[in-house]
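Engineer: If you scroll down you'll find the structure; I have some questions about it.
The numbers here are math on the coordinates, done by the rules we state, and not lab data. Treat the numbers as computed from the prediction; the structure is a model and nothing was measured. Cβ placement follows ideal geometry from the backbone for every residue including glycine, while neighbour counts extend to all protein chains displayed.
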Amino acid sequence: MSALPELQFNVAQLLKEATGATRSYEVNAKIKDELDNEVIVVSPLIGQVVFLHTGPNVLVTGQLQTTIQKSCGRCLADFTSAVSIELEEIFYPVINVVTGIPLETPEEADSANLIDEHNILDLSEVVRQELLVTSDGILYCRPDCKGLCPHCGQDRNVTSCDCEDNTIDPRWAGLQTLQIAED
Ligand SMILES: [Zn+2]
Ligand SMILES: [Zn+2]
């Protein structure tokens, strides 16, 4: 996913204001690219973000919603799911907004969390990462998806086949005999 203009904010003015100054923005961004090979975003990303000037840095908090499409891990069908992400990220300016002198950024600061020399704070990459993490946790088209039959390959959500009841995995066949003997 490339950088989205709708997720880029000029924070020069905010950085010139006193610690504690805030800005609040409505987000409505169209993510056109896929997040990765498996996840596509199919509705605009909407929500609100708040920027807080914390001294040298900017703390971004917010909640954003969108809809993703991926394929089910059980039945392989494409499905869509609403996702919601929470942001709580510190962004570090690389220059002093007044003097233009380069600032040292902490070593642990991710490159996605830098405010560039034009005072642009870009949420694209942190949003992409959050969406991917959230999407990774959404595995199935629905919690009770029955998946494909391992024997005949039919989608068991759509049709029931005769395989399930009649076929006993050979690995368990011995166990079954044992159980009968115990009874
Ligand atoms: Zn499924
Ligand atoms: Zn079957």
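Engineer: With only Lys, Arg, Asp and Glu charged, each at its Cβ (+1 for the first two, -1 for the last two), find how big the charge dipole of the chain is about the Cα centre; round to the nearest 20 debye.
Structural biologist: Dipole of the chain, to the nearest 20 debye: 500 debye.
Engineer: Follow-up question, since we're still on this one. With everything on Cα atoms, drop me the angle between helix 124-136 and the longest principal axis of the chain, reported from 0 to 90° to the nearest 10.
Structural biologist: 20 degrees
Engineer: To the nearest 10 degrees, how steep is helix 170-182 against the longest Cα principal axis of the chain, on a 0 to 90 scale?
Structural biologist: The angle comes out at about 60 degrees.
Engineer: Between Leu132, Leu103, Leu14, where does the largest GNM mean-square fluctuation fall for the chain, given springs only between Cα atoms within less than 10 Å?
Structural biologist: With Cα springs under 10 Å in the chain, the top fluctuation among Leu132, Leu103, Leu14 is at Leu103.
Engineer: So, in Å, what gap is there between the alpha-carbon centers of segment 61-106 and segment 1-22?
Structural biologist: With segment 61-106 and segment 1-22 each reduced to a Cα centre, they are spaced 15 Å.
Engineer: Taking every pair of alpha-carbon atoms in segment 5-136, give the share separated by more than 26 Å as a whole percent.
Structural biologist: The answer is 29 percent, as a whole percent.
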